[in-house]
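Here the structure comes first, spelled out in structure tokens, and everything after it is commentary.
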């Protein structure tokens, strides 16, 4: 059983964005929730890590290579960022390969997650984001010149689409097309990223913030 830091500390709030999950402050936990968590911790094997959410603990444990054939059981779709075996609601075990996990991560960066309080790329929804990642469509700028009307002779930047093998380049191109930039995309990525073992220094208990690699 994996839990968030009981102190409530969360590296996403402290380091990246203080508004992360701020929309949940008005909602109350179910009656008896905290007592139930205490009972679970007393009764079953459990783990939590400082400043991390339960999802991150799951991700770290399942990618550290110390558990043989781990199976993730969670109703949170964010965990699809973690490669490996996942127990579904239908009691089937589905396998997510590393490429599929990366696809879902990039989709999350585009679509955002309003439940967790981060919006993603403006103008993107679930369907559009999935289509862009699945088809690997980069937004490419070009100069359009008006040939008639009140703006005849004027120009503006428009965007077309072309295939690209670099998913991060695709994501950044969409943020740029929306009037933002790579810094905005990176901020969202660090909010969306469910940690792997490589994203956490087990000696210092510090998060290694995600950075795109070329």
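Within segment 123-170, the set of residues being modelled with pLDDT under 95, out of contact with any helix residue (DSSP H, G or I) (no Cβ under 8 Å at 6 or more places or on another chain), in a loop (DSSP other than H, G, I, E, B) and farther than 22 Å from residue 183 by Cβ comprises 146, 147, 148, 149, 150, 151, 152, 153, 154. For segment 75-117, filtering for residues that are more than 23 Å from residue 2 (Cα to Cα) and touching a helix residue (DSSP H, G or I) at 6+ places or on another chain (Cβ under 6 Å) leaves 6. Of the residues making up segment 71-78, none is surrounded by 18 or more Cβ atoms within 10 Å (Cβ to Cβ), under 18 Å from the mean Cα position of the chain (by Cα) and in a loop (DSSP other than H, G, I, E, B). Restricting segment 97-117 to residues that are touching a residue at least 40 places away in the same chain (Cβ under 8 Å) and not in a loop (DSSP other than H, G, I, E, B), the residue that is surrounded by the fewest Cβ atoms within 10 Å (Cβ to Cβ) is 102.
The residues of segment 191-214 that are crowded, with 21+ Cβ neighbours inside 10 Å and assigned to a helix (DSSP H, G or I), listed by number, are 191, 192. In this structure, residue 120 does satisfy being in a loop (DSSP other than H, G, I, E, B) and touching a helix residue (DSSP H, G or I) at 6+ places or on another chain (Cβ under 8 Å). One residue is enough: does segment 38-46 have a residue meeting the conditions outside any loop (DSSP other than H, G, I, E, B) and touching a strand residue (DSSP E or B) at 6+ places or on another chain (Cβ under 8 Å)? No: segment 38-46 contains no residue that is outside any loop (DSSP other than H, G, I, E, B) and touching a strand residue (DSSP E or B) at 6+ places or on another chain (Cβ under 8 Å).
Among the numbered conditions (1) free of Cβ contacts under 8 Å to residues at least 60 places away in the same chain; (2) under 21 Å from residue 190 (Cα atoms); (3) touching a strand residue (DSSP E or B) at 6+ places or on another chain (Cβ under 6 Å), the only one that residue 85 does not meet is (2). Going by what's in this entry, would residue 166 be described as within 23 Å of residue 14 (Cα to Cα) and surrounded by 13 or more Cβ atoms within 10 Å (Cβ to Cβ)? When the stated conditions are applied, residue 166 does not pass them. For segment 51-70, a residue qualifies if it is in contact (Cβ under 8 Å) with a residue 24 or more places away in the chain and exposed (fewer than 13 other Cβ atoms within 10 Å of the Cβ), and exactly one does: 65. Within segment 122-160, restricting attention to residues that are surrounded by 15 or more Cβ atoms within 10 Å (Cβ to Cβ) and touching a strand residue (DSSP E or B) at 6+ places or on another chain (Cβ under 7 Å), the residue that is nearest to residue 106 (Cα to Cα) is 136.
The criterion of being in contact with a strand residue (DSSP E or B) (Cβ under 6 Å, 6 or more places away or on another chain) and under 23 Å from residue 184 (Cβ atoms) holds for residue 112. Restricted to segment 144-182, and to residues there that are within 19 Å of residue 122 (Cβ to Cβ) and without any contact (Cβ under 8 Å) to a residue 12 or more places away in the chain, the residue that is farthest from the chain's Cα centre (by Cα) is 181.
The values are calculated or read from the model by the stated rules, or taken from the named source; none is laboratory data. Computed from a prediction, not measured in an experiment: that's the story for all the values here. Cβ: placed from backbone, ideal geometry, glycine included. Neighbour counts: every protein chain shown.
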